[in-house]
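Below is one structure; the comments refer to it alone.
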Amino acid sequence: MTAALEATDVRKSYGSIEALKGVSLAVGEGELVGLLGPNGAGKSTLVKIACGLVRPTSGAATIAGAPAGSPAAHRALGYLAELFRFPDWLTADEMLGLHQRLGGSDGGGEERMRLLDAVGLADAAFRRVGAMSKGMQQRLGIAQAMVGSPRLLLLDEPTSALDPAGRRTVRRLLEDLRGQGVAVLLNSHLLSEVELVCDRVAIIARGEVVAAGTPDQLSRAGGVEVETSGGTRLFADARRDDAPAIVRDLVAAGEDVYEVRVLRSSLEDAYLEAVGET
């Protein structure tokens, strides 16, 4: 099956500055992939190449099998930039209608209402953008990225302006999209959100992919902690499978065991180690 996004040995130089140094990354159908990295790591350059806004110095990127930047790739792609601005005088419904015309979508009013409902803005269809909160505008931005039922969404910090309830709405939406086979590349600094929703994570630093895998694969075992009648005991080198034997030994030694915790490093720990900021 053709990947929704495939970047193969993508390199980009701006004069003597190498923004990307041979990045390869694939996002499959219905897969949510988190793109992490510090400012200046090359994430934005990669996203711009996928959108066709920037041409790579070498290598190639395809969207649903079509070369990035081609009309076929544009039709298969939805994009929300981190810094976006919609006309204040348009209503939410009018703004989506504008993007339907720009993208050639024939979904009409039914599509617009479906998208507004999906992002929790069904009651704000005729509210002007200028009268919306930043969080509402952020959700409207996600709705416009979904116009035309794209196979791939590129979302740049889509939950940055949202409160906890808004972030939960977006998480549920992303999970629904996964079930529909829509792929998402999520560029975010909110590691907790990425850990909750993404199937895989790619960490970019200094223009290269320095770590990739599922959140569980990137985190590491951190030992077994046992709360006993004699106090809290840490078995730093132990793993989950070692816990039963540890408990048996403690009980045999006459200690009461009240709680057992298998510790793991967080995605944040893995990120900081990968980018060299530990």
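The values are calculated or read from the model by the stated rules, or taken from the named source; none is laboratory data. Everything numeric here is computed off the predicted structure, so don't read it as measured data. Note that each Cβ is placed from the backbone with ideal geometry, even for glycine, and that neighbours are counted across all protein chains shown.
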First in the stretch 157-169 and touching a residue at least 60 places away in the same chain (Cβ under 8 Å) and at negative phi, second anywhere and of a type in the set (Asp, Glu) and outside any helix (DSSP H, G or I), Cβ under 9 Å, 6 or more apart: 158/82; 160/82
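Name the residues in the stretch 95-112 that are surrounded by fewer than 16 Cβ atoms within 10 Å (Cβ to Cβ) and either farther than 25 Å from residue 160 by Cβ or touching a helix residue (DSSP H, G or I) at 6+ places or on another chain (Cβ under 9 Å) (or both), would you? Walk me through it before giving the result.
Step one: filter the stretch 95-112 for residues surrounded by fewer than 16 Cβ atoms within 10 Å (Cβ to Cβ), giving 98, 101-102, 104, 106, 108-110.
98, 101, 104, 106, 108, 109, 110 - these are the residues of the stretch 95-112 that are surrounded by fewer than 16 Cβ atoms within 10 Å (Cβ to Cβ) and either farther than 25 Å from residue 160 by Cβ or touching a helix residue (DSSP H, G or I) at 6+ places or on another chain (Cβ under 9 Å) (or both).
crowded, with 17+ Cβ neighbours inside 10 Å, at pLDDT 80 or above, within 30 Å of residue 59 (Cβ to Cβ) and out of contact with any Pro (no Cβ under 6 Å at 6 or more places or on another chain): which single residue out of 218, 272 fits that description? Working first, answer last.
On the way: 272 fails: crowded, with 17+ Cβ neighbours inside 10 Å.
Selected residue: 218, the only one of 218, 272 that is crowded, with 17+ Cβ neighbours inside 10 Å, at pLDDT 80 or above, within 30 Å of residue 59 (Cβ to Cβ) and out of contact with any Pro (no Cβ under 6 Å at 6 or more places or on another chain).
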Members of the stretch 1-51 that are assigned to a helix (DSSP H, G or I) and either under 16 Å from residue 274 (Cβ atoms) or within 17 Å of the chain's Cα centre (by Cα) (or both): 43, 44, 45, 46, 47, 48, 50, 51
In the stretch 44-80, residue farthest from residue 156 (Cα to Cα) [restricted to those that are surrounded by 17 or more Cβ atoms within 10 Å (Cβ to Cβ) and of a type in the set (Val, Ile, Thr)]: 62
Residue tally, condition hydrophobic (A, V, I, L, M, F, W, C), assigned to a helix (DSSP H, G or I) and buried (at least 20 other Cβ atoms within 10 Å of the Cβ), over the stretch 130-152: 5
Test set (1) at pLDDT below 90; (2) crowded, with 18+ Cβ neighbours inside 10 Å; (3) part of a loop (DSSP other than H, G, I, E, B) - residue 189 fails condition number: (2)
Residue check, residue 95 more than 23 Å from the chain's Cα centre (by Cα), touching a residue at least 24 places away in the same chain (Cβ under 8 Å) and not assigned by TED's automatic domain parsing to the domain that holds residue 164: yes
Which listed residue, of 56, 71, is of a type outside the set (Val, Ile, Thr) and in contact (Cβ under 8 Å) with a residue 40 or more places away in the chain: 56
